[in-house]
Structures are given as C-alpha cells and as structure tokens.
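The structure under discussion appears below in the form of structure tokens.
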Amino acid sequence: MVGVQVPPLRERVEDIAPLARVFLARMAARITVPSLAPPRADAGPTNAERERLITALEQCRWNQGRAAVSLGMSRTTLWGKLREHQVDI
C-alpha cells in the first residue's frame with residue numbers, strides 16, 4: 001500500500017470548479033424528468049395517468065423513491081396511485 005498526501009481543498013482553490021462540474025454531472029445523470037408529451041387522443045384520463053406513472057418508473061429503472069420525486073409526490077402517494085391504477089411492481 002502506498003500513501004499519498006493531498007493538500008486540503010482550501011489550499012487548492014483552482015480544483016473546486018472542476019470537482020463541482022464532476023459532481024454536478026454525476027447528480028444530473030441520476031435525475032430524470034418525466035415525459036411531458038401530451039397524452040394520446042385515445043387514452044382516457046385514467047389511462048393517461050397510469051401511463052405517466054409507468055413512464056416515470058421506467059425512466060427511474062423502477063426505483064419508486066426516485067420516480068415519486070420525479071413526479072413531484074411522496075413515495076406513499078405514489079404507492080397509493082399505483083394501487084389505484086392497478087400497476088403491479
């Protein structure tokens with residue numbers, strides 16, 4: 001094992017901007033935005049809302065917490081809507 005000494009970030013101010021860009025890029029890769037496409041003409045209001053839930057889940061790789069955040073609701077509310085619209089997980 002080799003030890004490497006790195007000075008504190010406060011002494012490397014020029015490294016802050018590149019590090020911030022890396023962290024922001026990583027966070028942006030984790031955040032998804034639900035589809036804003038209008039519902040199809042043949043989709044009823046229930047089907048449109050059901051499709052919106054499924055689309056958000058697919059975009060978030062079926063992670064319910066992230067899908068709830070992307071839809072602007074709590075995870076508990078998402079669970080209720082999934083049950084209401086009979087979406088099996």
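Considering only residues that are surrounded by 10 or more Cβ atoms within 10 Å (Cβ to Cβ), modelled with pLDDT of 85 or more and assigned to a loop (DSSP other than H, G, I, E, B), which ones fall in segment 1-40?
ARG12
Kindly indicate the residue of segment 59-89 that is assigned to a helix (DSSP H, G or I) and small (Gly, Ala, Ser) and also nearest to ASN47 (Cα to Cα) among those meeting that condition.
GLY80
The values are calculated or read from the model by the stated rules, or taken from the named source; none is laboratory data. These numbers come from a predicted model, not from an experiment. A quick note on method: Cβ atoms are made from the backbone with ideal geometry, for glycine too, and the neighbour counts reach across all protein chains shown.
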